[in-house]
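Remarks on the structure that follows.
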Amino acid sequence: MKHVQSLEDFSDLLSISQAKVPIIKVYCGEIQFDLLFACVEEPKNVFKMVKQANVTNSEAFKKLSEASQSSLLGRIACQNILNNVPNRATFQLVLKAVRFWASQRGIYSINNGYLGGVTIAVLVGRICQDFPDLSAACTLYKFFQTYAESSWREPVQMQLKNKSQRGGTLRMHLVEAVNKYSSDAMVVLTPND
């Protein structure tokens, strides 16, 4: 924390350590960053561990505190989204466009009950999976068309490439999520396995 505070470009440093996912909010110029915090014994192995296919079942992951696990799950979800979209360039371009659109309308903030970064990434990723051969512009159009017409009765989730290996686990997570969040307006499941 002290090192970040000493950098001249960084300002308004705020540590939120008691949250379910510990976070450090910091501004670099005009841009706000949310830095997730995870306490691990061997920092060099964190990224290797996160890239593993089934990291949440590994012994090293289970030894982490619940807060550290929650912090790493965000990174794992992002890695799984990137690994499971058919065209990464299209996905990234459409994701930037949707985030820009949402931020311009003041509806890009998980803290205020709107869609956050990972949620929007899952929604865009699913459209990219459903329409893999479309250009970025057509995928963006399909994004708005699909979700404008959706009844939101079915949870939105991405299909994982290794579905045969994880099918039982995914079905169980889906059942648990639908039971837990069935009263929510829309359920978006992050690919954390």
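Just so you know, all these numbers are worked out from the coordinates, no wet-lab data involved. The structure displayed is predicted, hence computed values, not measured ones. When we count neighbours, we look across all protein chains shown, and the Cβ atoms used for this are built from the backbone with ideal geometry, even at glycine.
Can you give the net charge of the other residues whose Cβ lies under 11 Å from the Cβ of residue 16, counting K and R as +1 and D and E as -1? Can you show the working numbers first?
Values: positive: 20, 25; negative: 34.
With Lys, Arg at +1 and Asp, Glu at -1, the neighbours total +1.
Taking amide H positions as placed in the peptide plane 1.01 Å from N, state which residues far from residue 156 in sequence (5 or more) or on other chains have amide H under 5 Å from it.
187, 188, 189
Search the structure for amide H atoms under 5 Å from the amide H of residue 114, placed 1.01 Å from N in the peptide plane, and list their residues when 5 or more places away or on another chain.
Distant-sequence amide H within range of residue 114: 109.
Using θ = phi - 60° and the Karplus form 6.51 cos²θ - 1.76 cosθ + 1.60, what ³J(HN,Hα) does each residue of the range 71-88 get, whole Hz, x for Gly and Pro?
In residue order, the calculated couplings are 4, 6, 4, x, 5, 5, 4, 4, 4, 5, 4, 4, 6, 10, 8, x, 9, 4 Hz.
Which Rg and Dmax, in Å, describe the Cα atoms of the range 87-127?
Every Cα atom of the range 87-127 included, Rg and Dmax give 10.0, 31 Å.
Report ³J(HN,Hα) in whole Hz for each residue of the range 95-100, in order, from the Karplus equation J = 6.51 cos²θ - 1.76 cosθ + 1.60 where θ = phi - 60°; Gly and Pro get x.
4, 4, 5, 5, 5, 4
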